[in-house]
Each structure stands twice: as C-alpha cells, then as structure tokens.
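The values are calculated or read from the model by the stated rules, or taken from the named source; none is laboratory data. In this text the structure is predicted, and so the values were computed from the model without any measurement. FYI the Cβ positions are ideal-geometry reconstructions off the backbone, even for glycines, and counts take in every protein chain you see. Ligands, DNA and RNA are stripped out before the accessible areas are found, and what is left, the full protein with its side chains, is counted by its heavy atoms. Shrake-Rupley method; radii C 1.70, N 1.55, O 1.52, S 1.80 Å.
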Amino acid sequence: MKYDVLRVLGMVVMVVCAQALVRLLVDDGDRGLLDGLPGGFLPTLLAYAVLTAAGVLLTGWAHSRARALGRR
C-alpha cells in the first residue's frame, strides 16, 4: 500500500512540475508555484527540472519495490 501511495505522489510531482517547466519555457514571466524563488529564470528552470526528475525517480523506485514484493 505504501508503495502505491509513493507511486501516485511521484506521478503528481512529475506531472505538476513538468507542466510548470513547459509553461516557464513558453512564458518566462509566469513562474508558477516557485514564484517566490529568488534568482529569476534560470534557478526556477533548474528547480522545476530537478523536481520533475525526482518525481520520475520516485515513481520508478516505488514501482520496482512493489513489483519485487509481488504486488504488481
């Protein structure tokens, strides 16, 4: 059960951050959830990229752990 929750959490983080990353690339004035992050465009772009990668990694890790336990 906990790996299913972690998988869903990873997917949500991945989708939200990937959507914000694309939106930032299209309109560099709209920084979305990380609007308060100091530094401007580049730190915000890197933060969204890192959070998207973290969501992908969390989803993959949770999937492999659930599969190793014979759940999926």
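The table for this structure:
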item	result
Along principal axes, Cα extents of the chain, largest first, whole Å	46, 17, 15
Check: the chain dipole with +1 on Lys, Arg Cβ and -1 on Asp, Glu Cβ, in debye	660
Relative contact order (percent, whole number), the chain, Cα cutoff 8 Å, 6+ residue spacing	51
Furthest towards positive pole of dipole, Gly40, Ser64, Val50, structure part the range 21-72, Cβ charges	Ser64
Accessible surface of the range 8-72 [probe 1.4 Å, protein heavy atoms]: carbon and sulfur percent	72
Ranked by how many other beta carbons lie within 10 Å on average, peptides 13-21, 57-65, 36-44 from highest	13-21, 57-65, 36-44
Over the chain: helical MRE at 222 nm, DSSP H runs n ≥ 4 each giving -39500 (n - 2.57), nearest 500	-26500 deg cm²/dmol
